[in-house]
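Since the structure comes first, as structure tokens, the remarks are kept for the end.
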Amino acid sequence: MTESGYILFEARGLSKSFGPVQALSAVDLVLRSGTVHALVGENGAGKSSLSKIIAGIQPPDAGQMQLEGQSFAPSNRRQAEHAGIRMVMQELNLIDNLSVAENIFLDQLPSRFGFVRYPTLNRSAREVMSRVGLEEISPSAAVGSLGVGTRQMVEIAAGLSRNCRILILDEPTASLADREAGLLFRQIHQACQRGVAVVYISHRIDEILRIADEVTILRDGRVVSTQLARGLTADEIIRSMVGRDLPPRQQTRSAAGGAVALRLDCLCAGPKVRDVSMELHRGEILGLAGLMGSGRTELARAIFGADPIDSGSIYLYGSDRPERIRSPRQAVRNGIALLTEDRKQQGLFLPQSIRYNISLPRLDSCSRLGVINSAREQSIGEQYIESLSIRCSGPDQPVGQLSGGNQQKVVIAKWLLRDCEILIFDEPTRGIDVGAKFEIYRLLSDLASRGKAVLFISSDLKELTAVCDRIAVLSAGRLTATFTAQDYSEQAITEAAFREHLNPSSGEVRS
Amino acid sequence: MTKSTTFVSRLTGLLADYLGMAVALVILLLVFGRIADNFYSWDTFRNIADQVPDITIIAVGMTFVLIIAGIDLSVGSILALSGAVLGVTLVQLHWPLPLAMASCLGVGLLCGLLNGGLVVAWGLPSFIVTLGMLEIARGATYLVTSSRTVYLFDGLNWVTDYSFLGLSVPFVLAIAVVLLAQLVLSFTVFGRYMIAIGTNEQALRLSGISPGRIKLAVFVLSGLLCAVASIIHTAHYQANPNNGQGLELQAIAAVVIGGTSLMGGRGSVINTFFGVLIIKVLETGLAQVGAQEPTKRLITGLVIVAAVILDYYRHRLRKSSGLPG
């Protein structure tokens, strides 16, 4: 297992953009046979985009790839798999109702006259499964009956069972226990000895230092460096991942922090929110930072009553009595609004008009005895289009025709009309172009200066440091640190976000 | 954007909504006028007008159910059951008419309540729940009537005998139900919520509105409208325990021909009425040209499929021209 393997794959100048967002710009990557190449970077640095291009799931906008000296441009995943490139993704690709064996050999089921030959199938499956330490699982067990970690191993087994020259693993250990992870590393080692090149994406830097031969660090869609893993330290990696230049604060509002609007006490919800305690004040924008899957969305949904709370309490508006919020309806009645991460699926009625979307949570304000006053609704629509400068042809335009930024403004308008005091924004600027982002920032500031309490979840540290009065950091479901504006440092925040992955603790550390 | 242009665009939108269906109906009438002898006669139209009211009233409830992305397969059985209850209480138990009618309506409402309650409380697919109710209510009908037709003789003559401006009471009632339901759908909070459920139930829930009560109300309404229709149906055909078999499919066909989406979120009660008229004109016209049952069913089936394909293109056209779907 050395870095001296021959060059199996080479990419030059790969670029990819999604609408206004440049996910990759001119990325070079060299994979050598029999080595593990780690990709590290913050959320949105381009790791997943890069691996999806290699695996044929997305085409690049520009750039070339070569596989064993031959030009390689897969037009879909199947072609890439045919060439021996397999990717195991975070969202699993298994069919729950089929057995483990059927899933592993789905595209090459042994059959005679169209009937599956189960003895043969199960025998080969058992062989493959024993390699990844799944001896204890029956090949005929339904995948749906297995735990997440086991399913992940099944997927990896499926990848390794076939013609495989490059194996891409995207956060493979996110849901694995230590023992399973150990087995995975042994598998990776064995695959390397067979000459497979492994691309390994992980937030767990300790793992990377343990198994990687080379490390490529990405930031904002560009390669910062590619170096040998030997001799690298966790500190060096984190420092290269974050840019050190923080933009100046957008705007300093006077005296952020009025009365307490929301207080969480040891809140636990599901596996992803563990023992979170924090306070959110009126007139404040509190940022919530963390890695993908650190439990930020889950925390927001728990506060909003969309997911059940296991233990802990929520106190509202300085009351000593915990509030029981068991449904979004109760949350909204208590003045809490959640602007979901996925606004198209969860926040908007795309075929319906702007005024329809804005007035929906507050139809009582423009109806009498259940009959809607169209003129009043129309003028409410016009009023918000004006005050939030929503670019559209009028209140009757379907929301589905608006740009992402303007759709987001419609969602904001809807909650402003509902007069909510506590507003939770989950990734409000995702997929929105730069100009509209700044308008959203300004809106958040306006809301805070009007005395609203704003919780701002974002994966973009730069926007958090530019907009927020304080930043709380979640790591693997725990609150690991809270920073005030004068202590902002991207490195310290990133460290806090990785903390639970480096040395898992049970307590919360405030800095 | 000024007020007048929105008004004009809404008016054209409205025309585009109903014009297509009206044109299709007129074409159908013209075709039968050409190929059938004496199609344009008082008898023909009275015949059609007599067949329309019960199915129209049921199709109105079905339109609402489809708009919330549900389906109600039990309407035919609920019609039979509430009709049977009406007949039995009136003829065999000698209850006064108002009490008999109240129990008839109560049974329909109860069936709808059961449908909706099961759908909401356990999150079951309405297809399965109402399929169960289709059997349950039919079985109950046989029990109530001892599997024999209950003859009402003159008991419900008031339903069929009186007329209003030359139109029968049931026909006027059906028109009133259609208009009222369209107003509810277009202009009330309840109508809004129905469309919201069909468009994106999750987004409605996350807007702080519980969809459960609205869904329950829609199924209750569908059951209640079946009972109303059963009074008309029973007046014509007596309390036959086999009443309303296959009616659910006819009602769904009418609603779908009217352009209501099976995926929910979009629909029009007035177009459902046109859908009913198209089906009934087709049926009557084909009978008059001497078409046999197999031919009638074949052609009706083709019309349903053609209507859905047409609606697909109409919808795409509206989408691309920027009108709200």
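The values are calculated or read from the model by the stated rules, or taken from the named source; none is laboratory data. Every value quoted in this text rests on a predicted model; they were computed, and no experiment measured them. Glycine gets a Cβ as well: all are built from the backbone with ideal geometry, and neighbour counts include every protein chain shown. For accessibility, only protein heavy atoms count, side chains too; no ligands or nucleic acids. Shrake-Rupley method; radii C 1.70, N 1.55, O 1.52, S 1.80 Å.
Please determine, by comparing only the residues of the range B:259-280 that are open to solvent by 10 Å² or more (accessible area, probe 1.4 Å) and of a type in the set (Ser, Thr, Tyr), which one is nearest to B:Met101 (Cα to Cα). Per the criteria, the residue is B:Ser268. Within this structure, B:Val289 fails the test of being β-branched (Val, Ile, Thr), surrounded by fewer than 24 Cβ atoms within 10 Å (Cβ to Cβ) and within 13 Å of chain A (Cβ to nearest Cβ).
Among the residues of the range A:344-358, which ones are more than 8 Å from chain B (Cβ to nearest Cβ) and polar (S, T, N, Q)? A:Asn357 - this is the single residue of the range A:344-358 that is more than 8 Å from chain B (Cβ to nearest Cβ) and polar (S, T, N, Q).
Among the residues of the range A:363-374, those that are part of a helix (DSSP H, G or I) and either farther than 25 Å from B:Leu185 by Cα or facing chain B (nearest Cβ under 9 Å) (or both) comprise A:Leu363, A:Asp364, A:Ser374. Among the residues of the range B:188-207, none qualifies, meaning not one is open to solvent by less than 30 Å² (accessible area, probe 1.4 Å) and farther than 18 Å from A:Gln352 by Cβ. B:Ser77 meets the conditions (1) open to solvent by less than 20 Å² (accessible area, probe 1.4 Å); (2) in contact with a strand residue (DSSP E or B) (Cβ under 8 Å, 6 or more places away or on another chain) in every case but one. The failed one is (2).
Set side by side, the residues A:Ala38, A:Ala55, A:Ala45 differ, and just one is small (Gly, Ala, Ser), over 26 Å from A:Arg151 (Cβ atoms) and buried (at least 18 other Cβ atoms within 10 Å of the Cβ), which is A:Ala45.
When B:Val177, B:Val129 are checked against the criterion of being open to solvent by less than 50 Å² (accessible area, probe 1.4 Å), in a helix (DSSP H, G or I), under 29 Å from A:Val371 (Cβ atoms) and modelled with pLDDT of 95 or more, a single residue qualifies: B:Val177.
Table: residues versus (1) open to solvent by less than 20 Å² (accessible area, probe 1.4 Å); (2) at the interface with chain A (Cβ under 10 Å from one of its Cβ atoms); (3) basic (Lys, Arg).
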| site | (1), (2), (3) |
| --- | --- |
| B:Ser186 | no, yes, no |
| B:Ala217 | no, no, no |
| B:Val228 | no, no, no |
| B:Ile231 | yes, no, no |
| B:Tyr237 | no, no, no |
| B:Gln245 | no, no, no |
| B:Ala251 | yes, no, no |
| B:Ile257 | yes, no, no |
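For the range A:485-500, state whether one or more residues are buried (at least 21 other Cβ atoms within 10 Å of the Cβ), outside any helix (DSSP H, G or I) and not small (Gly, Ala, Ser). No, that holds for no residue. Those residues that are assigned to a strand (DSSP E or B) and buried (at least 19 other Cβ atoms within 10 Å of the Cβ), I need them from the range A:66-80; list them, please. Within the range A:66-80, A:Leu67 is the sole residue that qualifies. Residues of the range A:427-459 that are at pLDDT 90 or above and either surrounded by fewer than 21 Cβ atoms within 10 Å (Cβ to Cβ) or touching a helix residue (DSSP H, G or I) at 6+ places or on another chain (Cβ under 8 Å) (or both): A:Val454, A:Leu455, A:Phe456, A:Ile457. Restricting attention to the range A:389-411, the residues that are out of contact with any strand residue (DSSP E or B) (no Cβ under 8 Å at 6 or more places or on another chain) and either surrounded by 20 or more Cβ atoms within 10 Å (Cβ to Cβ) or within 14 Å of chain B (Cβ to nearest Cβ) (or both) total 13. Do we have B:Ile195 as outside any helix (DSSP H, G or I) and within 14 Å of chain A (Cβ to nearest Cβ) here? The answer is no for B:Ile195. One residue stands out among those in the range A:412-433 that are farther than 19 Å from A:Leu363 by Cα and part of a loop (DSSP other than H, G, I, E, B): the one that is farthest from the other protein chains (Cβ to nearest Cβ), which is A:Asp433.
Under the condition of being surrounded by fewer than 20 Cβ atoms within 10 Å (Cβ to Cβ) and either touching a residue at least 40 places away in the same chain (Cβ under 8 Å) or of a type in the set (Asp, Glu) (or both), the residues counted in the range A:375-387 number 2.
Looking across the range A:307-338, just one residue is β-branched (Val, Ile, Thr), in contact with an Asp or Glu (Cβ under 9 Å, 6 or more places away or on another chain) and within 11 Å of another protein chain (Cβ to nearest Cβ), and that is A:Ile336.
Report, by residue number, each residue of the range B:132-157 that is assigned to a helix (DSSP H, G or I) and within 23 Å of the chain's Cα centre (by Cα). Result: B:Gly132, B:Met133, B:Leu134, B:Glu135, B:Ile136, B:Ala137, B:Arg138, B:Gly139, B:Ala140, B:Thr141. Scanning the range A:125-141 for residues that are in contact (Cβ under 8 Å) with a residue 12 or more places away in the chain and open to solvent by 40 Å² or more (accessible area, probe 1.4 Å) yields a total of 5. Taking residues in the range A:100-119 that are in a helix (DSSP H, G or I), and partners anywhere that are not aliphatic (A, V, I, L, M), the pairs with Cβ atoms closer than 7 Å and at least 6 places apart or on different chains are A:Val100/A:Pro139; A:Ala101/A:Asn122; A:Ala101/A:Pro139; A:Ala101/A:Ser140; A:Ile104/A:Ser161. Could you tell me whether any residue of the range A:313-326 is over 30 Å from A:Ser374 (Cβ atoms) and polar (S, T, N, Q)? Yes, that holds for at least one residue.
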